[in-house]
């Protein structure tokens, strides 16, 4: 029997997840809810679903799970609400911008005992999964150092900065999760430095647009993260993992992988210019993993604790910048 899913939020990322649900064997999109009726109606019509309200979806017997793609400040309340009525939950990151609020929310989820998955989609990118597989197979020996480059083509508008929680909670949080995913050990200390080099308005709002973070585990493994809100050449997403026997890396991806060589030189197409095209396969794979976990009666991964730990790393990075020192995770 197909898993019946309701989508909460019919905006940009909601549309991506609606497509992923529709393409996942064993899943069926049955309802769409959004504060803007026109957005919900359009997306519901595209996939043969009904338009629903939050109250109706919470009480619906024909809905097994919800996919939450609403604004960040609604996530924790919605997670708790649907956990209490026994629905499985997939939620876009973050759970909340407050560590205390995340902890209280996860307590409710744990008490309800429902499947809960957080949208750290990069774990499901086929290129990054192949990199992880090379590590697991021992091809590069013991992991020693990780380098993550994550740079956006352009800065978001100031209105987004004010609601996103800032670069570390919004952008670097994906890299914090990838660092944990690849290092195989929990982070012990965080040292960060950040500047405003792209847009002075970002600085006026108390945020940064250029950052470097060094994460270190108790055994001495470390990860260096490079972030920028301005990469004029495209969406820059690279990872290198150095081990005791070698190195494995993932290069930038392009919509078309060709190379033209002439007397003028070697030319390749530009990089992807947006996360929704670069990670389209990852979004589909994470929804498939969520549905599979439900079918197998297992807790999906990544889960709430992964979100909590990534947010704690973001808080440690901010503390490191303000105090100009390495910060231990035991301080957060």
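Read the figures in this text as sums done on the coordinates, not as results from a lab. Here the structure is a predicted model, which is why all the values come from computation and not from measurement. So basically every Cβ, Gly included, is an ideal-geometry build from the backbone, and we count neighbours across all protein chains shown.
List of remarks:
- Angle of helix 280-295 to the longest C-alpha principal axis of the chain, folded into 0 to 90 degrees and rounded to 10: 50°.
- Gained length - residue 247 relative to residue 36, 0.36 nm times residue gap less alpha-carbon distance: 71.1 nm
- Considering only the chain, percent of DSSP beta bridges that pair antiparallel, nearest 5: 55 percent
- Taking the number of Cβ atoms within 10 Å of each Cβ as an exposure proxy, the fewest-first ranking of 204, 309 is 204, 309.
- Separation between Cα centres of region 135-213 and region 279-332, rounded to whole Å: 12 Å
- Angle between the chain longest axis and helix 304-323 axis [Cα atoms, degrees, rounded to 10]: 40 degrees
- Cα centroids of region 31-78 and region 96-131: 20 Å apart.
- Residue exposure sequence - 28, 123, 324, 84 - by fewest surrounding Cβ within 10 Å: 324, 84, 28, 123
- Under 19 Å from a label point set 7 Å out along the Cα-to-Cβ vector of residue 240, the amide N atoms of region 209-229 belong to 211-216, 221-228.
- If you plug the beta carbon distance of residue 296 and residue 85 into 1/(1 + (r/R0)^6) with R0 = 25 Å, you get a FRET efficiency near 0.70.
- With neighbours defined as other Cβ atoms within 10 Å of a residue's Cβ, the residues 160, 191 order from fewest to most as 160, 191.
- Between helix 12-23 and the chain: long-axis angle, C-alpha atoms, 0 to 90°, nearest 10: 70 degrees
- For a label point 7 Å along the Cα-to-beta-carbon line of residue 185, residues of region 118-139 with backbone N under 20 Å: 132-139
- Label zone at residue 100 (point 7 Å along Cα-to-Cβ), backbone N below 17 Å, region 294-313: 312
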